[in-house]
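Peer 1: Right, I'll just put the structure down here and ask away after.
The values are calculated or read from the model by the stated rules, or taken from the named source; none is laboratory data. Quick caveat: nothing in here was measured; it's all calculated off a predicted structure. Cβ atoms come from the backbone with ideal geometry, glycine included; neighbour counts cover every protein chain shown.
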Amino acid sequence: MEYSYPFSIDWTQDEIVTVIQFFQKIEQAYEKGTNRDELLHEYRKFKKIVPAKSDEKIYGKEFEDSSGYSLYKTVKKAKSTTSNQLIKM
């Protein structure tokens, strides 16, 4: 499916690609499952671009409104599981 990915016009092209890759991992967790370590790796890259928790919530809400997939719930589940597990939402 196609979703609207949230981003800032102030980001570079590389930063936009990084953020989109993270949101694609969230999608993958819902649609077929994704590796926990890979998801958290993408989340760490995302947090370098969006370090503020308030901004993370804004972008997460925009993505959830567009797709129905929760950034918060997915990352929370990934953090609470052990290494190399499949995250399936």
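Peer 1: What residue, of S54, S83, is outside any helix (DSSP H, G or I) and surrounded by fewer than 18 Cβ atoms within 10 Å (Cβ to Cβ)?
Peer 2: Exactly one of S54, S83 is outside any helix (DSSP H, G or I) and surrounded by fewer than 18 Cβ atoms within 10 Å (Cβ to Cβ), namely S83.
Peer 1: Do we have any residue at all in the range 59-71 that's more than 16 Å from S4 (Cα to Cα), at pLDDT 95 or above and either polar (S, T, N, Q) or surrounded by fewer than 13 Cβ atoms within 10 Å (Cβ to Cβ) (or both)?
Peer 2: Residues of the range 59-71 that are more than 16 Å from S4 (Cα to Cα), as a first pass: none.
Within the range 59-71, not a single residue is more than 16 Å from S4 (Cα to Cα), at pLDDT 95 or above and either polar (S, T, N, Q) or surrounded by fewer than 13 Cβ atoms within 10 Å (Cβ to Cβ) (or both).
Peer 1: Evaluate the range 18-37: report whether one residue or more is in contact (Cβ under 8 Å) with a residue 60 or more places away in the chain, touching a helix residue (DSSP H, G or I) at 6+ places or on another chain (Cβ under 7 Å) and not in a helix (DSSP H, G or I).
Peer 2: Residues of the range 18-37 in contact (Cβ under 8 Å) with a residue 60 or more places away in the chain: 29.
This time we only want the ones that are touching a helix residue (DSSP H, G or I) at 6+ places or on another chain (Cβ under 7 Å), so: 29.
Pick out the ones that are also not in a helix (DSSP H, G or I) and you get none.
No, there is no match, as no residue in the range 18-37 is in contact (Cβ under 8 Å) with a residue 60 or more places away in the chain, touching a helix residue (DSSP H, G or I) at 6+ places or on another chain (Cβ under 7 Å) and not in a helix (DSSP H, G or I).
Peer 1: Could you tell me whether E38 is acidic (D, E) and either more than 19 Å from F7 (Cα to Cα) or over 11 Å from the mean Cα position of the chain (by Cα) (or both)?
Peer 2: So E38 fits the description; yes.
Peer 1: Follow-up question, since we're still on this one. Do you know which residues across the range 3-17 are of a type outside the set (A, V, I, L, M, F, W, C), over 13 Å from Y69 (Cβ atoms) and not in a helix (DSSP H, G or I)?
Peer 2: S8, D10, T12
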